[in-house]
Amino acid sequence: VTPDERPFEELQRALEDIVARLERGDVPVDEVIRLWQEGDTLYRECARRLETVELRIEELGIGSRPSGEPEPD
Amino acid sequence: VKVPHTIVGDRKVFSVSAFNGGIASWLARLPQVWVEGEVTELKRVDAWATVFLTLKDPGGGATLRVTMSRRRFDALALGIADGEKVHVLGRAELYEQKGDLAFRAVTVERIGVGDHLAAIERLKRLLAAEGLFAVERKHPLPAFPRAVGLLTGSDAAARGDVEKALASRFPLARLVVCETRVQGAGAGEGIARGIERIGRHPEVDVLIVARGGGSFEDLLPFSDERVVRAVAGSLVPVVSAVGHEQDTPLCDLAADARASTPTAAVRLVVPDAAELRARMRMVHGRLGRCVRDRVARDRERLEARHRDLGRLPSLAVERRRARLDHAGARLQAVAPAATLRRGYAIVRHGDHPLRDAATVAIGARVEVELATGSLAADVTEVRPEAPAP
């Protein structure tokens with residue numbers, strides 16, 4: 001499976017569409033599984049991307065303290 | 001009076017000596033009077049029996065020759081000198097040999113305080129009427145004079161005070177000193193000339209006329225008409241620091257400002273360098289504070305933005321995370337395995353899941369998929385429509 005190049009927001013919308021369709025219950029059962037698997041993949045991709053961003057935020061020290069000031073005791 | 005004469009034709013003719021003698025005897029009948037004037041050209045010589053002097057009106061300059069017996073003059077022991085104002089008692093007298101008119105004095109008195117006061121009062125009214133003391137005539141003192149002129153006697157105290165005050169207060173200004181006699185005969189004229197001379201100095205922007213305290217007579221020259229006119233007509237503003245507070249010589253009235261002492265005069269004519277420096281420091285400090293405050297405010301704003309900036313990425317991630325979690329939970333809820341675990345089953349006939357009972361015949365073999373494992377089952381009955389609940 002090639003990594004999805006679409007932006008996060010698009011992936012999230014796709015995931016939510018799938019969830020909504022599955023919740024309506026009008027999806028054929030075979031389709032259900034395929035759709036669910038697709039949703040699951042989208043979910044994992046989204047979660048992975050969020051983790052990456054969180055990691056970057058931590059690496060850059062964003063929001064931990066103002067730059068150039070000593071860390072408060 | 002019988003004056004000898006000769007008759008020539010129809011003329012009555014006098015000899016010079018007869019004429020002079022006649023005039024002299026007429027003059028001798030005039031009464032004794034007091035004459036007031038300034039003493040000039042006083043000549044007293046031990047070898048001479050007569051003392052000569054000339055009386056002069058200080059303003060107009062009219063003169064009168066005065067003679068007096070040396071014995072009488074010496075007996076008075078006045079020590080009178082040129083330039084002094086005196087009252088002389090005497091009468092007109094003709095020196096018959098020459099036909100010269102003179103005033104024969106019997107006594108001389110130095111003018112009294114009351115007379116001086118009256119004379120000053122008269123002069124004051126006269127000059128006031130001319131407008132010499134008018135406020136409109138006063139000039140403002142310069143803020144930063146290049147040089148300060150000082151007219152004073154050879155009185156070391158006043159000069160020293162001015163030098164010291166100037167050095168401590170505003171050393172940038174040069175001091176130009178004119179020393180002159182400030183009391184006694186001829187002082188008025190000298191002071192007036194000094195004021196004119198120092199006013200023409202190219203760098204002098206203001207002039208202090210200083211004289212320490214003294215007796216009423218000592219300060220008289222500073223009420224001399226020539227001095228008052230010189231002060232009023234000075235090319236540069238004049239500060240008068242003459243005598244003590246209670247003395248008001250006329251030059252005070254004509255001056256542009258008055259100071260009680262030479263030191264006070266310096267305070268009037270130059271700014272205080274220390275005060276200027278202090279003010280500059282204060283302004284500079286305020287300027288620095290303004291800049292620092294401004295920078296501090298900007299920094300604070302920047303920090304606030306930076307804090308926002310720090311929060312926002314995490315916040316954005318959190319929001320998306322919450323939304324994703326929500327979607328994830330919903331996805332789990334509709335997962336096929338979860339449905340089977342709740343007791344549902346998938347029934348297949350061949351490759352197709354069954355939705356309608358009517359699509360299978362009795363005896364057909366179907367596969368039933370459960371949460372765990374599956375069954376193979378044969379259809380024994382078909383009920384095409386579900387009974388109404």
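The values are calculated or read from the model by the stated rules, or taken from the named source; none is laboratory data. Note that the structure is a prediction, hence the values are computed from the model and not measured. Backbone-built Cβ (ideal geometry, glycine too); neighbour counts: all protein chains shown. Just the protein is used for accessible areas: all its heavy atoms, side chains included, with ligands, DNA and RNA removed. Shrake-Rupley method; radii C 1.70, N 1.55, O 1.52, S 1.80 Å.
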**Item:** Length gained when the stretch B:F14-B:E300 is fully extended (0.36 nm per residue, less Cα-Cα span)
**Value:** 91.0 nm
**Item:** Calculated on alpha-carbon atoms, Rg and Dmax of region B:151-281 in Å
**Value:** 14.3, 52
**Request:** Would you mind checking which residues have amide H under 5 Å from B:L219's amide H? H placed 1.01 Å from N; only 5 or more apart, or other chain.
**Result:** none
**Fill in**
Here the alpha-carbon Rg of chain B over 2.2 N^0.38 Å rounds to 2.80
**Message:** Not counting ligands, DNA or RNA, and with a 1.4 Å probe, what is B:R277's accessible surface area in Å² rounded to the nearest 10?
**Reply:** 140
**0 to 90° range, to nearest 10: angle between helix B:273-333 axis and chain B longest Cα axis** = 10
**Request:** Using the heavy atoms of the protein chains and a 1.4 angstrom probe, tell me the accessible area per residue for the protein assembly as shown in square angstrom.
**Result:** 62
**Asked** What does the average come to when, for each residue of peptide B:346-353, you count the partner chain Cβ atoms lying within 10 Å of its Cβ?
**Response** 2
**Item:** Using a Förster distance of 56 Å, the FRET efficiency for B:R267-B:R311 (Cβ separation, nearest 0.05)
**Value:** 0.30
**Complete:** HN-Hα couplings for region B:4-16 via Karplus (6.51, -1.76, 1.60; θ = phi - 60°), in whole Hz with x for Gly/Pro, come out as x, 8, 10, 9, 10, x, 9, 9, 9, 10, 9, 7, 4
**Item:** For chain B: relative contact order, % (alpha-carbon pairs under 8 angstrom, 6 or more apart)
**Value:** 10
**Request:** Determine which residues of region B:178-214 fall in the zone a paramagnetic label at B:R146 would reach in this model, i.e. backbone nitrogen under 15 Å from the point 7 Å along Cα→Cβ.
**Result:** B:199-207
**Message:** What is the angle, in °, between the Cα long axis of helix B:113-130 and the longest principal axis of the Cα atoms in chain B? Nearest 10 is fine, range 0 to 90.
**Reply:** 60
**Request:** Would you mind calculating the gained length between B:R174 and B:R91 on full extension (0.36 nm times residue separation, minus the Cα-Cα distance), in nm to one decimal?
**Result:** 24.3 nm
**Prompt:** Which residues, if any, in region B:323-339 have at least 10 Å² less accessible area in the whole protein complex than in the isolated chain, probe 1.4 Å?
**Reply:** B:R323, B:L324, B:D325, B:A327, B:G328, B:R330, B:L331, B:Q332, B:V334, B:A335, B:P336
**Asked** Straight-line reach from B:K56: which lysines have Cα under 27 Å away, leaving out those fewer than 8 places along the same chain?
**Response** B:K43, B:K85, B:K98, B:K124
**Request:** Report the accessible surface area buried between chains A and B, summing both sides, using a 1.4 Å probe on protein heavy atoms only, in Å² rounded to the nearest 100.
**Result:** 2400
**Asked** Please state the relative contact order of region B:146-281 as a whole percent: Cα pairs under 8 Å, 6+ residues apart?
**Response** 27
**Request:** Measure nothing but the geometry: give the 0 to 90° angle between the long axis through the Cα atoms of B:187-199 and the longest principal axis through the Cα atoms of chain B, rounded to 10°.
**Result:** 40
**Request:** Just need the Rg to Rh number for the protein assembly as shown, please, alpha carbons only, Kirkwood Rh.
**Result:** 1.78
**Backbone N within region B:301-338 under 19 Å of label point (7 Å from A:D26 Cα along the Cβ vector)** = B:334
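Is there a simple number for the mean count of other chain Cβ atoms within 10 Å of the Cβ of residues in B:306-318, and what is it?
4
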**Among B:226-238, B:189-201, the order from most to least packed when residues are scored by Cβ within 10 Å on average** = B:226-238, B:189-201
**Asked** What full-extension length gain, to one decimal in nm, is calculated for B:R319 and B:Q332 as 0.36 nm per residue of separation minus the Cα-Cα distance?
**Response** 2.7 nm
**Asked** For region B:123-202, what is the convex hull volume of the alpha-carbon atoms per residue, in Å³?
**Response** 125
**Asked** Which parts of region A:35-58, residue by residue, lose 30 Å² or more of accessible area when the rest of the protein chains are there, as against the chain isolated (1.4 Å probe)?
**Response** A:W36, A:Y43, A:L50, A:E54, A:I57
**Message:** Quick check: the distance between the Cα centres of region A:11-53 and region B:326-389, to the nearest angstrom?
**Reply:** 23
**Carbon plus sulfur fraction of accessible area for chain B, probe 1.4 Å, in percent** = 56
